[in-house]
1. Distance from the Cα centre of the range A:160-186 to that of the range A:108-145, in angstrom?
2. For chain A, what is the calculated [θ] at 222 nm in deg cm²/dmol (nearest 500), taking -39500 (n - 2.57) for each run of four or more DSSP H residues and dividing by its residue count?
3. Output the 0 to 90 degree angle, nearest 10, between the alpha-carbon long axis of helix B:28-37 and the longest principal axis computed from the alpha carbons of chain B.
4. Extending each Cα 7 Å along its Cβ direction at residue B:27 and residue B:52, get the distance between those two points in nm, one decimal.
5. Peptide A:93-104: average number of partner chain Cβ atoms within 10 Å per residue?
6. Rounded, prolate or oblate: which fits the range B:37-151 when a ≥ b ≥ c are the square roots of the eigenvalues of the alpha-carbon gyration tensor, with rounded for a/c under 1.5 and prolate only if a/b beats b/c?
7. Assign one of three labels to the protein assembly as shown, namely rounded, prolate or oblate, based on the Cα gyration tensor with a ≥ b ≥ c the square roots of its eigenvalues; rounded applies when a/c is under 1.5, prolate when it is not and a/b is larger than b/c, and oblate otherwise.
8. With each pseudo-label sitting 7 Å past Cα toward Cβ, what's the residue A:20-residue B:38 distance in nm, one decimal?
Ligand code: SF4
Ligand code: SF4
Ligand code: SF4
Ligand code: SF4
């Protein structure tokens, strides 16, 4: 009993302990290098495929813009002359949730963030996406805005935008027979142009993204 | 600078009282604020104390997207905080509405429409260090020589 009191006094009245008790701080906190922070540019060339924009789960998180590299707060790299206008993904903090999906989905490896690419390589994973078009026929007024705006339709049937009657059944959707018909859902690239163009919020694009594990090639 | 002001500066630099309000977040940012209290980040070693009482607070951390129920109440709460005071938006929600800001949702971001916001900490959720840094870098700007500046 006596011994333990002395032990306690010795321990806790020492200058060192009192000093620590009053003045100790935790080590300065730094962000570890593997933290999945806002994506950065790697310097590889962006092909403007927009896959990153389509997978981004938040509104307004990422945009692919024709910018100077030094204009988008990301580091200027050697591979391109600094200050030239190129396509660049621009990430908006305040919208971006740092999920890293854009990094993972980019086929060109334009973006990097933490260890996302490293792990994607180790695990051999990828994304597949399919798109489903849903039309609320009670809201749709068959104006055809969506089928004219759709960039896929523009390729398939360029005359459609000029008011010509539809000449091909290869379009994604068409107004035929008094109804908007979805003809080739699988051709949809998920750009949501139709959603934006619809004056009545009648068409919705549902994106179904699936993470897949690719089999190792040698097996 | 008067002696009184110097004493006030000294005291205020070591005693920043923070209150936090969740105006409709998913609770992620709230948990990050709580993580600041835990020994790993230990917010109190910097002289920052967390309360749930706005009348004791100097700094208000706002989290969440601003749901309709908060439209009038956030302003009331803000008015209860005595001067000098400052509000920090924590997380993406009070800045942009984040994933909730979609067509046909009832949320009304940004929070700066409703009360003055002095700093924003983006992230979904932000790291506790980012929240800490925001408080620590904002506090001296606002609280040092407050009375002198108000003259
Ligand atoms: S990290 Fe996620 S949220 Fe941020 S821009 Fe990329 S996909 Fe969008
Ligand atoms: S950053 Fe990648 S995914 Fe995005 S548009 Fe460029 S190449 Fe496509
Ligand atoms: S999402 Fe784009 S590609 Fe798909 S149907 Fe709509 S406009 Fe066409
Ligand atoms: S734009 Fe909207 S209202 Fe017009 S045809 Fe397409 S879905 Fe219907």
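No lab work stands behind these numbers, since they all come straight from the coordinates. The model shown is predicted, which means the values in this text are computed figures rather than measured ones. Positions of Cβ are backbone-derived with ideal geometry, glycine not excepted, and every protein chain shown enters the neighbour counts.
1. A separation of 24 Å, based on Cα centres.
2. Values: 8 runs with 54 residues, N = 219.
Mean residue ellipticity at 222 nm (helix-derived): -6000 deg cm²/dmol.
3. Rounded to the nearest ten degrees, it is 30.
4. A separation of 1.4 nm, rounded to one decimal place.
5. On the way: counts 9, 15, 9, 6, 9, 7, 2, 0, 0, 0, 0, 0.
Mean partner shielding for this stretch: 5.
6. On the way: a/c = 1.98, a/b = 1.34, b/c = 1.48.
Note, shape of the range B:37-151 comes out oblate.
7. Prolate, since a/c reaches 1.5 and a/b exceeds b/c.
8. A separation of 2.3 nm, rounded to one decimal place.
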